[in-house]
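As structure tokens, the structure follows; a few thoughts come after it.
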Amino acid sequence: MNPFPNHSEVLVSALSKKEVEQRLEKVTLDVNFLDYEERLQKGFQFNGKVEKESFRLSLVVNKPDSFLPLILGKIEATPKGCILFLQYRLFPSSAFFLGFWTVVTLTLAVFFGFVTQKPIYAGLSILACIGNYYFAWIYFKRKIKLSKGIFHEILNLKVMD
């Protein structure tokens, strides 16, 4: 079980694997974040990479967002379309900081509870830990809902060549 906020889903599409890859490529920019001009390109809904059988995407945002999900996907062809296996998770840096502050607040709770015998401070530290984790889950779920909506909309687009 992953202790960090995550979500997974399986989508079945009547579109072929190739069509799904093409649709994702149309709305995904493989951006070099060091190139300022490239980052300013409009018309893309996702940053990331679309490869032959998998993809790694995140929503395009104008300002930093710690709770933006990283979408890891795998595409498998079927006789009547394809199956997409999606996993939404925190970016590694966000997961690191959530884990870091969880460890810090729990360490403070142990310190205040057992070393200094200050149960009120220990309780506040535990509340801070739980509050931080709850806040992360709530905002991550909100961002998942936004990402899922856009992703599902892309798969339902009519092909216009």
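Being closer than 24 Å to Arg23 by Cα, touching a residue at least 12 places away in the same chain (Cβ under 8 Å) and assigned to a helix (DSSP H, G or I) is true for just one of Ile75, Ile154. Which residue is that? Talk me through it step by step, then tell me what you get.
Working: Ile75 fails: assigned to a helix (DSSP H, G or I).
Sole residue among the options that is closer than 24 Å to Arg23 by Cα, touching a residue at least 12 places away in the same chain (Cβ under 8 Å) and assigned to a helix (DSSP H, G or I): Ile154.
Val60: among the β-branched types (Val, Ile, Thr) and surrounded by 18 or more Cβ atoms within 10 Å (Cβ to Cβ), yes or no? Give the derivation first.
Working: among the β-branched types (Val, Ile, Thr): yes; surrounded by 18 or more Cβ atoms within 10 Å (Cβ to Cβ): yes.
So Val60 passes the test.
Taking the conditions exactly as written (within 25 Å of the chain's Cα centre (by Cα) and either without any contact (Cβ under 8 Å) to a residue 40 or more places away in the chain or loosely packed, with under 15 Cβ neighbours inside 10 Å (or both)), does Phe96 satisfy them or not?
Details: within 25 Å of the chain's Cα centre (by Cα): yes; either without any contact (Cβ under 8 Å) to a residue 40 or more places away in the chain or loosely packed, with under 15 Cβ neighbours inside 10 Å (or both): yes.
So Phe96 passes the test.
I need the full set of residues from the stretch 109-161 which are within 15 Å of the chain's Cα centre (by Cα) and basic (Lys, Arg), in order please.
Within the stretch 109-161, Lys141, Arg142, Lys143, Lys145, Lys148 qualify.
Please work out which residue is farthest from Leu146 (Cα to Cα), limiting yourself to the stretch 1-19 and to residues that are out of contact with any Cys (no Cβ under 6 Å at 6 or more places or on another chain) and in a helix (DSSP H, G or I).
Per the stated criteria, the residue is Lys18.
May I ask you to list the residues in the stretch 62-86 that are charged (D, E, K, R) and under 17 Å from Val10 (Cβ atoms)?
Initial filter on the stretch 62-86 (charged (D, E, K, R)): 63, 65, 74, 76, 80.
Listed by number, the residues that qualify are Lys74, Glu76, Lys80.
Can we say Asp30 is among the acidic types (Asp, Glu), loosely packed, with under 15 Cβ neighbours inside 10 Å and more than 12 Å from the chain's Cα centre (by Cα)?
On the way: among the acidic types (Asp, Glu): yes; loosely packed, with under 15 Cβ neighbours inside 10 Å: yes; more than 12 Å from the chain's Cα centre (by Cα): yes.
Taking the combined requirement at face value, the residue satisfies it.
Pairs under 8 Å by beta carbon, first residue free of Cβ contacts under 8 Å to residues at least 60 places away in the same chain in the stretch 132-148, partner assigned to a helix (DSSP H, G or I), six or more apart or different chains?
Hits for this filter: Asn132/Leu98; Asn132/Trp101; Asn132/Thr102; Asn132/Thr105; Tyr133/Leu98; Tyr133/Thr102.
Going through the stretch 99-108 one residue at a time, which ones are surrounded by fewer than 17 Cβ atoms within 10 Å (Cβ to Cβ) and under 27 Å from the mean Cα position of the chain (by Cα)? Before the answer, list the steps.
First, pick out the residues of the stretch 99-108 that are surrounded by fewer than 17 Cβ atoms within 10 Å (Cβ to Cβ): 99-101, 103-104, 106-107.
Gly99, Phe100, Trp101, Val103, Val104, Leu106, listed by residue number.
Would a scan of the stretch 4-23 turn up a residue that is in contact with a Ser or Thr (Cβ under 9 Å, 6 or more places away or on another chain), under 22 Å from Phe140 (Cα atoms), surrounded by fewer than 18 Cβ atoms within 10 Å (Cβ to Cβ) and not charged (D, E, K, R)?
Yes: one or more hits.
Quick one: which of Gly81, Gly48 is at pLDDT 90 or above and within 27 Å of Ile138 (Cβ to Cβ)?
Gly48
Quick check: is even one residue across the stretch 84-91 loosely packed, with under 13 Cβ neighbours inside 10 Å and within 29 Å of Asp65 (Cβ to Cβ)?
Narrowing the stretch 84-91 to residues loosely packed, with under 13 Cβ neighbours inside 10 Å: none.
No.
The values are calculated or read from the model by the stated rules, or taken from the named source; none is laboratory data. The shown structure was predicted, so the numbers you read here are calculated from the model rather than taken from an experiment. Cβ atoms come from the backbone with ideal geometry, glycine included; neighbour counts cover every protein chain shown.
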